[in-house]
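The values are calculated or read from the model by the stated rules, or taken from the named source; none is laboratory data. Given the structure is predicted, the values throughout are model-derived calculations rather than measurements. All Cβ positions, even for glycine, are placed from backbone atoms using ideal geometry, and neighbour counts span all protein chains on display.
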Amino acid sequence: MEYCSNCGEKLPKDAYFCPKCGTKTALGIEANAPYVSDEMRQAFAKMSTEIEKAFTIAAKEIQVAFQTARDNVQKSMQKEPIVCGNCGATNLANSAYCFKCGQKLQPKSKEKQA
């Protein structure tokens with residue numbers, strides 16, 4: 001003979017729920033176990049698919065962002081070299097002084113566009 005785990009009521013042999021308090025019995029838990037497992041398995045499968053889609057989209061967006069950043073860095077580093085007005089030596093774009101004669105370099109000023 002079984003009794004309710006919640007209220008102690010005597011349970012009928014084939015009860016899935018306690019007739020007094022409505023608590024699910026051991027038989028009720030066993031009967032629903034495969035259904036709950038199947039439902040959970042389906043939910044996890046769907047969630048897995050959605051997460052995979054989200055990660056794929058995120059990976060593509062990150063790849064585009066890195067490429068854009070790479071392009072921007074390369075553009076910023078591609079400046080024209082500075083020619084020394086004193087000796088004519090070609091210096092790196094970020095040089096402040098000529099590597100040949102030591103003269104202070106004057107970077108080319110950009111012309112204003114109308």
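Could you tell me whether residue 11 is surrounded by 11 or more Cβ atoms within 10 Å (Cβ to Cβ) and touching an Asp or Glu at 6+ places or on another chain (Cβ under 7 Å)?
The answer is yes for residue 11.
Could you please give the count of residues in region 94-114 that are surrounded by 10 or more Cβ atoms within 10 Å (Cβ to Cβ) and either modelled with pLDDT under 85 or in a strand (DSSP E or B) (or both)?
5
Within region 76-93, does at least one residue satisfy the condition of being hydroxyl-bearing (Ser, Thr, Tyr) and either surrounded by 10 or more Cβ atoms within 10 Å (Cβ to Cβ) or assigned to a loop (DSSP other than H, G, I, E, B) (or both)?
Yes: one or more hits.
Need the failing condition index for residue 68 against (1) of a type in the set (S, T, N, Q); (2) in a helix (DSSP H, G or I); (3) farther than 30 Å from residue 93 by Cα, just the number.
Here residue 68 clears every test but (3).
Is it the case that some residue within region 20-27 is in a helix (DSSP H, G or I), surrounded by 10 or more Cβ atoms within 10 Å (Cβ to Cβ) and either out of contact with any Gly (no Cβ under 7 Å at 6 or more places or on another chain) or at pLDDT below 90 (or both)?
Yes, some residue in region 20-27 is in a helix (DSSP H, G or I), surrounded by 10 or more Cβ atoms within 10 Å (Cβ to Cβ) and either out of contact with any Gly (no Cβ under 7 Å at 6 or more places or on another chain) or at pLDDT below 90 (or both).
With the structure loaded, tell me whether residue 53 is modelled with pLDDT of 85 or more and of a type outside the set (Val, Ile, Thr) or whether it fails that test.
Criteria met by residue 53.
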